[in-house]
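Only one structure is covered here, and it is reproduced in the block below.
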Amino acid sequence: MILKYQFSETKRVLDDATIAKIIQMGNDNIEPAKIDGTEAAIQGHRKSSIAWFKRNQQTEFMFGPILNMIYMENVNNNWNFDYDMIEDLQFTKYEGSKKQHYDWHADQRSTPYTTGDKGMIGKIRKISFSIILNTDYEGGNFEFEVGAPHEKERTITLTPKLGCAIVFPSFTFHRVTPVTKGTRYSLVGWICGKPYK
């Protein structure tokens with residue numbers, strides 16, 4: 001699918017107080033990241049720690065602004081994807097002392113969900129987003145693969161601003177390079193809907 005806008009960077013979505021609350025809640029529930037049920041560090045593809053936030057009364061303070069932002073980005077980027085749900089949000093922690101990272105990957109799976117939450121069955125990921133929760137770290141660059149095979153420069157590096165989101169179709173390949181100093185915190189998520197027709 002060739003899109004006019006392959007990604008977008010938003011204005012600030014989360015304020016300082018909201019960010020501080022998310023980081024505290026995330027650190028209180030942190031665990032090693034997994035890929036398809038296997039600890040990701042074992043696979044070598046991903047090294048980080050994560051926590052999950054389900055949508056409920058205690059987390060609506062973060063879900064509400066994010067869903068408003070997604071609606072606007074879907075329209076403004078002329079994607080106009082049909083969607084009807086958001087997955088649990090993922091708080092991600094990358095530690096520089098451990099050179100943690102997430103190598104090249106796309107968030108969209110090859111087939112719709114067949115297990116898990118009832119609302120997810122038959123759905124696919126359509127829009128992904130990453131909101132940066134701090135900037136006092138080094139490394140940890142967010143990179144996209146956007147160039148055509150014949151182009152010299154096939155990647156683009158973004159430096160997200162505090163509380164702002166990077167939004168992109170879930171089939172886009174991207175990565176987080178190793179954090180070399182400090183700790184990088186982000187809040188990521190996926191917007192889902194029925195498969196494309």
### Query
Given a cut-off of 26 Å, what percent of all Cα-Cα pairs of the chain lie beyond it?
30
### Message
Given Cα positions, please report Rg to Rh for segment 1-103, the hydrodynamic radius being the Kirkwood one.
### Response
1.00
### Query
Of the accessible area of segment 102-197, with the probe set at 1.4 angstrom, what percent is carbon plus sulfur?
52
### Message
Leaving ligands and nucleic acids out of the surface, order 174, 45 by accessible area at 1.4 Å, largest first.
### Response
45, 174
### Mean residue ellipticity (222 nm) of the chain, computed from DSSP H runs ≥ 4 via -39,500 (n - 2.57), nearest 500
-5500 deg cm²/dmol
### Message
Set the bar at 27 Å for Cα to Cα. Now go through 4/34; 54/181; 11/34; 21/123; 4/161 and name every pair that lies beyond it.
### Response
4/34; 54/181; 11/34; 21/123
### Query
Between residue 196 and residue 159, what is the label-to-label distance in nm when each label sits 7 Å out along the Cα-to-Cβ direction?
3.3
### Message
Counting heavy atoms of the protein chains only and a 1.4 Å probe, report the per residue accessible area for the chain as a whole number of Å².
### Response
54
### Estimated dipole of segment 24-155 in Debye, rounded to 20 [Cβ of Lys and Arg +1, of Asp and Glu -1, Cα centre]
260
### Summary
Of segment 84-98, those with amide N under 20 Å from the point 7 Å along the Cα→Cβ vector of residue 30 are 89-98
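The values are calculated or read from the model by the stated rules, or taken from the named source; none is laboratory data. Please read all numbers here as calculations on a predicted model, not as lab measurements. Neighbour counts run over all protein chains shown; Cβ positions are idealised from the backbone, glycine included. Only protein heavy atoms, including side chains, enter the accessible area calculation; ligands, DNA and RNA are left aside. Shrake-Rupley method; radii C 1.70, N 1.55, O 1.52, S 1.80 Å.
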